[in-house]
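S.K.: First the structure, which I've put down as structure tokens, then a few questions once you've had a look.
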Amino acid sequence: MQTEWLVPLAQPRQKKRRCELCLGPATVRCAACLVTYYCDVDHQNADWVSVHTKICQLLIPLRAAPPFYTSEKERKLGEEQRRNREIFLAEVTYETAQNFLIKGHYEDAIPAALHSLKFSISIYGPSAVELVPAYILLAETSLGLGHLSQGEEYLSQGQWIVLKNTHCSYAIQSKLYRNLGLLHAAKGNFDESLYHLANDVYFACCAFGTTSNVAVSGGYFHMANVFSHQNKMDVVDSLYCEVSAHTHTHTHTHTHPSPQTRLGSLTPFPTVETLPPLPPPDEKQQAEAMQMLNSILHFREASLRPQPEKEAKLLHALAMFHFLVHNLAKVIGKKMQVLQSLKGGGGGAGRQKSQKSPGQENDRML
């Protein structure tokens with residue numbers, strides 16, 4: 001990282017330089033690209049660690065003075081090239097922020113997510129539905145850091161855009177309502193949380209079908225955690241069974257692929273989008289699914305009532321997820337646990353412990 005301190009008297013009066021992250025008055029800039037400004041070295045370092053190291057030189061053509069065009073054709077070509085660069089940078093910064101989020105590095109995800117939002121605004125305008133994923137990403141990082149008011153602000157921006165755009169995809173609406181549900185759960189507004197999580201399940205079903213997709217199971221899982229705070233354990237158990245069924249079917253589809261299985265697993269829903277064959281779960285879906293299944297398994301093992309069939313199904317789903325990511329050692333371990341569960345009638349030593357509320361085990365996920 002290279003830093004260059006700004007000399008106030010050498011800066012043009014008509015153009016105030018602002019920090020890339022907080023929009024405060026700039027005092028330093030990146031000495032490598034000379035087009036990115038910061039309020040202090042701490043913000044420069046945060047941006048460098050997050051994403052600037054990847055996009056430093058790519059920013060120069062976008063932020064340097066535009067060239068002189070000798071014809072309308074050259075001008076249109078220049079604008080098209082600029083737009084393509086911005087689209088590429090929006091994708092790179094979004095993926096970078098997403099990867100940090102999967103790893104739980106929320107602080108590092110924020111600068112990349114802010115860049116993604118800025119590029120999206122430049123490409124599509126301030127009210128386009130394409131901005132919603134960036135707002136959701138920023139909300140997820142804020143909720144992960146416990147900054148509920150900031151997360152609520154980002155989600156409100158995304159929700160307002162969705163309400164104004166009737167063509168927003170079901171998948172995006174599902175993510176939006178899930179995060180609204182998690183926000184209200186963290187604030188203790190459980191009824192409001194359940195309302196938003198129910199919308200999450202509905203839109204996920206519209207987007208992916210009513211069965212065999214891990215994207216649908218997340219809403220059920222978070223609803224179960226909310227009900228656990230209300231001490232409605234029968235409902236919790238029922239919803240956990242739904243999560244297990246969805247993830248087990250999805251993983252079985254990809255570990256035993258066949259066209260008939262894929263087409264037969266898709267159940268139509270009232271407002272139907274055309275449903276393509278199920279894609280394999282991406283890295284984020286795999287991480288979420290494993291986290292959900294491990295949490296449910298802990299709940300089952302701590303239960304005073306042995307349910308070996310349910311535990312075996314959970315363990316089998318976990319084994320298939322490990323198979324999908326080529327972690328064969330854990331596949332063998334989970335298969336052995338399946339056999340022990342079926343032979344031994346349950347989770348063994350875990351039964352001797354007092355059962356904890358699954359909501360207490362999963363507070364960090366709310």
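The values are calculated or read from the model by the stated rules, or taken from the named source; none is laboratory data. Quantities reported herein were computed from a predicted structural model and do not represent experimental measurements. Note: ideal-geometry Cβ built from the backbone for every residue, glycine included; neighbour counts use all protein chains shown. Calculation scope for accessible area: heavy atoms of the full protein, side chains included, ligands and nucleic acids excluded. Shrake-Rupley method; radii C 1.70, N 1.55, O 1.52, S 1.80 Å.
S.K.: Go through Thr70, Thr166, Thr141 and list them by solvent-accessible area, largest first, probe radius 1.4 Å.
M.R.: Thr166, Thr70, Thr141
S.K.: So what is the accessible area of the range 3-119 per residue, in Å², with the probe set to 1.4 Å?
M.R.: Result: 60 Å² of accessible area for each residue.
S.K.: Residue by residue, what Karplus-based ³J(HN,Hα) values in Hz, rounded to whole numbers, does the range 113-124 have, using 6.51, -1.76 and 1.60 with θ = phi - 60° and x for Gly and Pro?
M.R.: Result, ordered by residue: 5, 5, 4, 4, 5, 4, 5, 5, 5, 5, 7, 10 Hz.
S.K.: Among the trypsin sites (Lys or Arg not before Pro) within the range 1-52, which fall in a DSSP loop and have no more than 12 other Cβ atoms within 10 Å of their own Cβ?
M.R.: Passing sites in the range 1-52 are Arg13, Lys15, Lys16.
S.K.: For Tyr106, what accessible surface area do you get with a 1.4 Å probe? Give it in Å², rounded to 10.
M.R.: That residue has around 70 Å² of solvent-accessible surface.
S.K.: Let me ask something additional. If you add up the charges near Leu21, with Lys and Arg at +1 and Asp and Glu at -1, over every other residue whose beta carbon is less than 14 angstrom from its beta carbon, what do you get?
M.R.: Details: positive: Arg17, Arg18, Arg29, Lys118; negative: Glu20, Asp40, Asp42, Asp47, Glu107, Asp108.
So the environment of Leu21 carries a net charge of -2.
S.K.: Still on this model: Given the protein chains as shown and a 1.4 Å probe, how many square angstrom of His147 are accessible, to the nearest 10?
M.R.: Taking all protein chains as shown, His147 has close to 90 Å².
S.K.: Using a 1.4 angstrom probe and counting only protein chains, how large is the accessible area of Asp237 in Å², to 10?
M.R.: 30
S.K.: Loop only per DSSP, at most 12 neighbouring Cβ atoms within 10 Å: give me the chymotrypsin sites (Phe, Trp or Tyr not before Pro) in the range 1-80, ordered by residue number.
M.R.: Phe68
S.K.: Would you mind pulling out the separation of the Cα centroids of the range 115-154 and the range 24-90, in Å?
M.R.: One Cα centre to the other: 20 Å.
S.K.: Could you list the trypsin sites (Lys or Arg not before Pro) in the range 163-217 that lie in coil according to DSSP, counting only those with at most 15 other Cβ atoms within 10 Å of their Cβ?
M.R.: Answer in residue order: Lys187.
S.K.: Can you tell me, using C-alpha contacts under 8 Å and at least 6 residues apart, the relative contact order of the range 83-168 as a whole percent?
M.R.: Worked out over the range 83-168, it gives 26 percent.
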